[in-house]
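The values are calculated or read from the model by the stated rules, or taken from the named source; none is laboratory data. Because the structure is a prediction, the values reported are computed rather than measured. So basically every Cβ, Gly included, is an ideal-geometry build from the backbone, and we count neighbours across all protein chains shown. Just so you know, the surface numbers come from the protein's heavy atoms only, side chains and all, with ligands and any DNA or RNA stripped out. Shrake-Rupley method; radii C 1.70, N 1.55, O 1.52, S 1.80 Å.
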Amino acid sequence: MTRDNYRQVLEPLLTAGDFLLNLSVDVSSVALVKLARERGALYLDTCIEPWTGGYTDATQSVENRSNYTMRLEALKMRDGAKDAPTAVLTHGANPGLVSHMVKQALLNIAKDTGVDSTAPKARDGWAKLAQTLGVKVIHVAERDTQVANVPKMPNEFVNTWSVDGFVSEGAQPAELGWGTHERHFPADGGRHAAGSGCAIYLNRPGASTRVRTWTPAAGHFHGWLITHSEAISLADYYTVMDGDKVAYRPTTHYAYHPCDNAVLSVHEFAGNNWHLQDRKRIMLNEITEGIDELGVLLAGHAKNAYWYGSQLSIADARKLAPYNSATSLQVTSAALSGMIWAMENPKRGVVEPDDKDFERPLQICRPYLGPVVGKYTDWTPLYQRQELFAEDIDASDPWQFKNIRVM
């Protein structure tokens, strides 16, 4: 599917009321949304994709290769088309499902801290709730522990989901929503000239940047700061304005520790100066055990930090839906929930996960997620720091990005 042939291929297949489900890489999401709208079809994707090479085109600036810029281009399609056929952007597990987890986590924290836990009806109410609770950061914190009886071989990239998808986003600049509590701007950070300025980028690949985070089963670990649409949309959605001034915004980003085979693959990929290995393999039948622990860590509030999410094992995934790994089932169930929501709301135009009512997608996904856990922790990024070497940290606020980042 290319810029030259996509209309020829898809137009005969799409009529009013059909559904275009886009799970591709290197096919422009914007082009497909426009085509689906012309044909009266519904649409869903799991990532805003450019045409082939758009993520890694060295002739483009770092800013132009960012998810922030690609999201802005996609959201322009909202102009004058509020009642157009529903097109759901970025609705897999993450981005997608995690946005609904954030809302449930906020309500759980509110209930446990004596704050009104009635679900807000609109965006402003959700942002005010996060501000009232004092949430400073939102990590999409994921640790994949699935292991296989077939080892990674030299010159092979192995992963539990799309190798092409992981490689492309890992080679993009690291990106994060930039919170109002931050006092130390990264030395290699860049701001965007267009849009709300809710996010920043670093002049380095996400797959070379590690951050500290925490999940209940894994405990504290180093994840990679892989760019994702939710890192930008969450910061945007939970912004509170005071006139023209930003009064509140959390720092938001993805912190991902993939399966051990994928970790080895990324090290080899980076060592080859970001040129992909000759062979690619997605783990499935060879997986013997492990879980994909995927959720959201909301921190800085009265109870320090709270993680809410899925702890789906490979054994449970195979019982629930054959031919899946834990990772693929978290993604496909979320895509399914987004499709059902679009069918139930067919005239909503371009929609991001944060714009949707959160309860219906969670209801559809929950049977496929294994144990869904909410757990508080007293962990901060300063835990066990400076035991061996002095560091330039800001102990007055452990949840600043300065303290979270691992160089």
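3J(HN,Hα) couplings calculated from phi for the range 302-307 with the Karplus curve 6.51 cos²θ - 1.76 cosθ + 1.60 (θ = phi - 60°) are, in sequence order, 4, 9, 6, 8, 9, 9 Hz; Gly and Pro show x. Here the Karplus relation 6.51 cos²θ - 1.76 cosθ + 1.60, evaluated at θ = phi - 60°, turns the backbone of the range 362-368 into coupling constants of 4, 4, 6, 6, 3, x, 9 Hz, with x for every Gly and Pro.
Surface composition of the range 1-83: carbon and sulfur atoms hold 49% of the protein heavy-atom accessible area at a 1.4 Å probe.
When each of the peptides 272-282, 38-48, 383-393, 229-239 is scored by the mean number of other C-beta atoms lying within 10 Å of its residues, the order from highest to lowest reads 229-239, 38-48, 272-282, 383-393.
Amide H contacts of L176 (H built 1.01 Å from N, in plane; Pro and chain starts excluded): I200 sit under 5 Å, all sequence-distant by 5 or more or on other chains.
In the range 74-147, the C-alpha radius of gyration followed by the widest Cα-Cα span (Dmax) gives 15.8, 49 angstrom. The overall shape of the range 24-158, judged from the alpha-carbon gyration tensor, is oblate: a/c is not under 1.5, and a/b is no greater than b/c. Between R204 and D378, the simple label model (points 7 Å from Cα in the Cβ direction) yields a spacing of 3.2 nm.
Hydrodynamic estimate: the Kirkwood radius of the range 178-242 over Cα pairs, inserted into Stokes-Einstein at 37 °C and 0.692 mPa s, corresponds to D of 241 µm²/s. Spatial offset of the range 71-95 relative to the range 41-65 amounts to 14 Å, using the alpha carbon center of each.
Cα-based radius of gyration for the range 330-369, normalised by 2.2 N^0.38 Å, reads 1.10. The distance separating the Cα centre of the range 119-177 from that of the range 202-217 comes to 9 Å.
For V211, the amide hydrogen comes within under 5 Å of the amide hydrogens of G223, W224, L225, V406, counting only partners 5 or more places away or on other chains and with H modelled in the peptide plane.
Rounded, prolate or oblate: which fits the range 298-407 when a ≥ b ≥ c are the square roots of the eigenvalues of the alpha-carbon gyration tensor, with rounded for a/c under 1.5 and prolate only if a/b beats b/c? Prolate is the answer for the range 298-407, as a/c is 1.5 or above and a/b outweighs b/c. Database remark: amide H of Y248 closer than 5 angstrom to the amide H of V240 (H placed geometrically; neighbours at sequence offset of 5 or more, or on other chains; Pro and chain starts carry no H). Would you mind checking the range 146-166 for residues with the amide N under 18 Å from a putative spin-label position 7 Å along Cα→C-beta of N272? In the range 146-166, the label zone of N272 (backbone N under 18 Å from the point 7 Å along Cα→Cβ) covers 151-166. Taking the Kirkwood radius as Rh and the Cα radius of gyration as Rg, the range 4-103 has a ratio of Rg/Rh equal to 0.98.
Under the rule a/c < 1.5 gives rounded, and otherwise a/b versus b/c splits prolate from oblate, where does the chain land using the Cα gyration tensor? Here the chain falls in the rounded category. Per residue, the average separation of C-alpha pairs within less than 8 Å and at least 6 apart gives the range 260-373 a relative contact order of 25 percent.
Counting only residues at least eight positions apart within a chain, or on another chain, the lysines with an alpha carbon under 28 Å from that of K319 are K152, K280, K375.
Ordering 113-123, 355-365 by mean Cβ neighbour count within 10 Å, with the highest value first, yields 355-365, 113-123.
Hydrodynamic analysis of the range 53-110 uses the Kirkwood radius over alpha carbon pairs. Inserted into Stokes-Einstein at 37 °C and 0.692 mPa s, it gives a translational diffusion coefficient of 232 µm²/s. For the pair the range 5-21 and the range 340-357, the centres of their Cα atoms are 20 angstrom apart. Summing +1 for each Lys or Arg and -1 for each Asp or Glu among the other residues whose beta-carbon sits under 13 angstrom from that of E293 gives -2. Extension gain for S117 to Q60 (0.36 nm times residue separation, less C-alpha to C-alpha distance): 16.0 nm.
By the helix-only formula, in which each DSSP H run with n ≥ 4 contributes -39500 (n - 2.57) and the sum is divided by residues, the chain has a 222 nm mean residue ellipticity of -8500 deg cm²/dmol. Scoring 73-80, 175-182, 250-257 by mean Cβ neighbours within 10 Å over their residues and listing the highest first yields 250-257, 175-182, 73-80. Shown here are the Rg and Dmax of the Cα trace of the range 219-271, at 16.1, 49 Å.
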